[in-house]
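All remarks here apply to the structure that follows.
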Amino acid sequence: MSAGPASTPLSGVPTVLASHLSKSFGTREAVSDLSFSVSAGRAFGLLGPNGAGKTTTVRMLTGLITPTGGDVTLFGERLTHQNADALRARIGVQTDTNLYETLTVRDNLSTWGELYGLTRKAVARRTDEVLEVLALTDRIDSLVGELSKGMRQKLSVGRAVLHEPELLFLDEPTAGLDPEAAEDLIDYLAQMIRSMRTTVIICTHQLHGLEHLCTDVGILQAGRLVVAGDVAQLLRRQWPRHRYTLTVGGDRERAAQVVARVVGDVEDSGHNAHVDFSVDDHAQVSALVEQLVAERIPVRSVVPQEPTLHDLYFATIDEQERP
Amino acid sequence: MINRRRMWAVMRKDWRELARNKQAVTPLVIVPLLFVVALPLAVILLGDNAALTSSVGGLQAFLDHLPRGLIPGDLSERQAVVYAVLIYFMAPLFLIIPVMIASITASSSFVGEKERRTIEGLLYTPLTDRELVLAKILVSVVPSVLLVWTSFAIYTAIVDLIAAPRLGGVFFPTWTWVVIVVVLAPLVGFLATCLIVAVSGRSSTMQDAQGAALLVVLPVIGMVVSQATGLLLFDITVALTASAAVLVVDVGVYLAVVGRFRRERIVTRL
């Protein structure tokens, strides 16, 4: 994934390439100068608070609405009104749009399978596979209106992946799911990405569980992409030093002095048995532990505190909102 | 290039939904039955009874304006009234049936999808604008045509089995009726549906679409009323000319509806 002025990566054609995308509705600018690309087999988290422009971005990327400025390229082909329908055949979209409540689970899925050109046999096979993964097999002949909110949410994801799309858009895919169902769904998506090199774009502001899925991230704030890139690189850029929490059995103050002497960076953890510190190099931690042991300070644990996508999201939003 | 399988998927889905909607299906069946069973039976059994002619709107005016030359000379006054009503007065009612059905099914299938927030899902699929619009039109036109033809078969049976023996032999259907039912009624149904779909793209509730559709189908109703009041009587020439004219309008309106269809307008007005 790359951000800033859009450019085709050196190796291979990106699945999605947004170049200086803008969209205005009257005088209101919903999205402004958005540029990023997502390569095959990557999961891109499009994050942002409500009204940040996520839905407008997805609608532009799928050809539902026409950008006021800029271009979209999908699978190496510039998206136009003429080729949008053909390109959509390679895309699956799950949004907060409703399913057909007076139809059964089977009817909802078979309609979608036929719309995407699956044969009757393939529809039946994929329906069985998807419902098994989503633990909905026993509800195949239930009316969708009789399903719980979580079941409908799973089914809407199942409908989007039924035709095994090359590019998948998901909108808050785990919203309303219990933790176990959310984990199963994330595992299934991870497997799709690994085995079929599916490109996934996830719009969300609920990061829990999706952090491990997203390899790339873009954070939208008021229609502008304020941060975009590889998650690991962005985290390293935001927090260049490695953070640890040391727990000692003895005198915390003495331990803090040793930490300050060896690694030179101590933070106030606010806990009387913990010492938080940062290092440039993980090797410094071994030296620290040796010194603590030498000074007869009992070391209970030294735990790395790696920052997460969640931390990055809130740090970015806070920075943007700061005057 | 139109993908018929994709269109069929949309049509089958809509029909399944419609079949489960008893509120929508009931009037689709009952109203045509009233037209083709109750009304002709009343006319056949009561003839020129004053109570009947005064209770059916426009019937007296129709009888007053009817040229006598259109009625076979060997029929009595009472038989002439029955013959005139069955052959001329009833004909335009078969044009109301597809318009009525279209106003229920078309508004339900298109604006209904907007109301139920299911339309955006369809717009993300590979369905082309032409396929989506044509599928939504056919979803309404096909059942309306089938209902008109079924109604016509029932009407023919009633007229031939009950009226014909009283009027001296089988006289129905006439060629004018065949043209009206087989050609003109489907074309009128297509036109009404196209117009409702066109209005539906801008409406956000079924009531809006149906209300606007009523205004749009006024010319059709005007044609029906003019026939019923004896101002314009359908003979084979009028029926064929009207069919040709409606066909031209159908093509023009359909192309305009497809040409003006914008996914953006739909998703941004949800």
Being of a type outside the set (A, V, I, L, M, F, W, C) and not in a helix (DSSP H, G or I), is that true of even one residue in segment B:60-68? yes
Return the total of residues in segment B:129-149 being crowded, with 20+ Cβ neighbours inside 10 Å and either among the polar types (S, T, N, Q) or under 26 Å from A:PRO165 (Cβ atoms) (or both). 8
When you scan segment A:256-264, do you find a residue that is of a type outside the set (A, V, I, L, M, F, W, C) and at pLDDT 85 or above, even just one? yes
Being acidic (Asp, Glu) and either in contact with a Gly (Cβ under 7 Å, 6 or more places away or on another chain) or without any contact (Cβ under 8 Å) to a residue 60 or more places away in the chain (or both) is the requirement here; does A:ASP281 meet it? yes
Which condition breaks for B:ILE137 when tested against (1) touching a residue at least 60 places away in the same chain (Cβ under 8 Å); (2) of a type in the set (Val, Ile, Thr); (3) within 19 Å of B:ASP235 (Cβ to Cβ)? (3)
Check whether at least one residue in segment A:158-168 is away from chain B (no Cβ under 14 Å) and either crowded, with 20+ Cβ neighbours inside 10 Å or at pLDDT below 95 (or both), and report yes or no. no
Working only within segment B:241-270, note down all residues that are in a helix (DSSP H, G or I), out of contact with any Asp or Glu (no Cβ under 7 Å at 6 or more places or on another chain) and within 14 Å of another protein chain (Cβ to nearest Cβ). B:GLY259, B:ARG260, B:ARG263, B:GLU264, B:ARG265, B:ILE266, B:THR268
Output the residue which, of all residues in segment A:134-155 that are in contact with a Gly (Cβ under 8 Å, 6 or more places away or on another chain) and not charged (D, E, K, R), is surrounded by the fewest Cβ atoms within 10 Å (Cβ to Cβ). A:GLY150
Whichever residue in segment A:88-127 is touching a strand residue (DSSP E or B) at 6+ places or on another chain (Cβ under 6 Å) and crowded, with 23+ Cβ neighbours inside 10 Å and, among such residues, is nearest to A:SER19 (Cα to Cα): A:ILE91
Would you mind finding the one in A:VAL144, A:VAL133 that is within 14 Å of A:THR97 (Cα to Cα) and touching a residue at least 40 places away in the same chain (Cβ under 8 Å)? A:VAL144
Mind telling me which of the residues B:ILE137, B:ILE180 ends up being closer than 30 Å to B:ALA80 by Cβ, away from chain A (no Cβ under 14 Å) and at pLDDT below 95? B:ILE180
Taking the residues in segment B:1-38 that are β-branched (Val, Ile, Thr) and within 14 Å of chain A (Cβ to nearest Cβ) as candidates, determine which candidate is surrounded by the fewest Cβ atoms within 10 Å (Cβ to Cβ). B:ILE2
Residues of segment A:282-323 satisfying the condition of being among the acidic types (Asp, Glu) and under 29 Å from A:PHE44 (Cα atoms): A:GLU306, A:ASP311, A:ASP318, A:GLU319, A:GLU321
Touching a Pro at 6+ places or on another chain (Cβ under 7 Å) and either at pLDDT 85 or above or part of a helix (DSSP H, G or I) (or both): is that true of B:THR156 in this structure? yes
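The values are calculated or read from the model by the stated rules, or taken from the named source; none is laboratory data. The model shown is predicted, which means the values in this text are computed figures rather than measured ones. Cβ: placed from backbone, ideal geometry, glycine included. Neighbour counts: every protein chain shown.
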